[in-house]
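The values are calculated or read from the model by the stated rules, or taken from the named source; none is laboratory data. It should be emphasised that the depicted structure is a prediction, and the values quoted were computed from it without experimental measurement. Cβ coordinates were reconstructed from backbone atoms using ideal geometry, including for glycine residues, and neighbour counts include every protein chain displayed. Each accessible area value is taken on the protein alone, full model and side chains, heavy atoms only, with ligands, DNA and RNA left out. Shrake-Rupley method; radii C 1.70, N 1.55, O 1.52, S 1.80 Å.
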Amino acid sequence: MKALQGNIWMVGVAALLVLGGCAKHEMAADAGAVAAAAVESPEGAFLAYEHTVQLQLPGEAIAARVKAVADACQSAKFGDCSVLNVSQQAGDMPSGSVQVRIAPKGVEPIIALAADKGEVTTRNTQAEDLAQQVADTRLMQARLKNEHERLLEYQQRRDLAVADLLTISQRMSEIEAGLEQANRDAAQQHRRIDTQLVTINIESTSSQRSRSEIGRAFGDFGDIFTTSLAYLIRVAAGLLPVLIVGGLALWGVRVWWRRRRRNKVGNA
């Protein structure tokens, strides 16, 4: 009977573990779906998305992971992608970071590549609404084009004075320069809308950082000891003259006091 109860208890525990594992997988899948949906800009919206991800990996794997992410971006493995910044830091606590601008469909895959066998500690996604900037740029482009066309028609008149012709030419040059700047602004805005900025920061695991801090503390023991000892020596060197002068002054006062007492006794 006891054996049967034990078996039933073990089966129940196993069932709970299986259900718990399924729940975790479902939660992870839901989280992935939510993250993927979050990077999809609504149709007709002018949103510029930026993602910041903080990861933890074993220190020895960070350099290779940074290179793998950069290589995947440069080879367009997950779609159009440009590497904007790559940095690495060696030492007791290795770290690295990669910043890319990538097509929306590649955001989740490149983050998954960076986080493989690691832990995502924080993730932040934000979007800047560029609708007003896009509208202003389009309005500027239309205004400059219309003015340029009017001046071009006016410039073709045969009754124009030389001074007027020079004024029109100067204004058309200014309009063309302004139109080029507006076109550059429009291209940059569409680039921010059509692609998304992803910044991936990778640091060592918490256990490695703790061991590194302890090792650094032992490594700094000698420096701390010698620094403290040097400080005490300086304090002693600074106080020694004061002690000598004070001792001599106290000895002189005591000698004077004794002589005074003897004189008083002799006079009595």
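Quick notes on this one:
- Hey, residue 131 under 24 Å from residue 195 (Cα atoms), open to solvent by 30 Å² or more (accessible area, probe 1.4 Å) and in contact with a Phe, Trp or Tyr (Cβ under 8 Å, 6 or more places away or on another chain) or not: yes
- Residues of segment 155-186 satisfying the condition of being surrounded by 11 or more Cβ atoms within 10 Å (Cβ to Cβ) and either among the small types (Gly, Ala, Ser) or touching a Pro at 6+ places or on another chain (Cβ under 6 Å) (or both): 169, 177, 178, 182, 186
- Breaking point among (1) surrounded by fewer than 17 Cβ atoms within 10 Å (Cβ to Cβ); (2) modelled with pLDDT of 95 or more; (3) outside any strand (DSSP E or B), for residue 83: (3)
- Residue within segment 142-161 that is free of Cβ contacts under 8 Å to residues at least 40 places away in the same chain, of a type outside the set (A, V, I, L, M) and over 27 Å from residue 178 (Cα atoms) present: yes
- Test: residue 147 is at pLDDT 85 or above, surrounded by 11 or more Cβ atoms within 10 Å (Cβ to Cβ) and not in a helix (DSSP H, G or I): no
- Residue count for segment 122-131 under the criterion of being of a type in the set (Gly, Ala, Ser) and not in a helix (DSSP H, G or I): the result is 1.
- Considered as a group, the residues in segment 204-245 that are at pLDDT 75 or above and under 30 Å from residue 117 (Cβ atoms) include one that is surrounded by the fewest Cβ atoms within 10 Å (Cβ to Cβ), and that residue is 205.
- Residues in segment 90-121 that are assigned to a helix (DSSP H, G or I), open to solvent by less than 50 Å² (accessible area, probe 1.4 Å) and among the small types (Gly, Ala, Ser): 106, 114.
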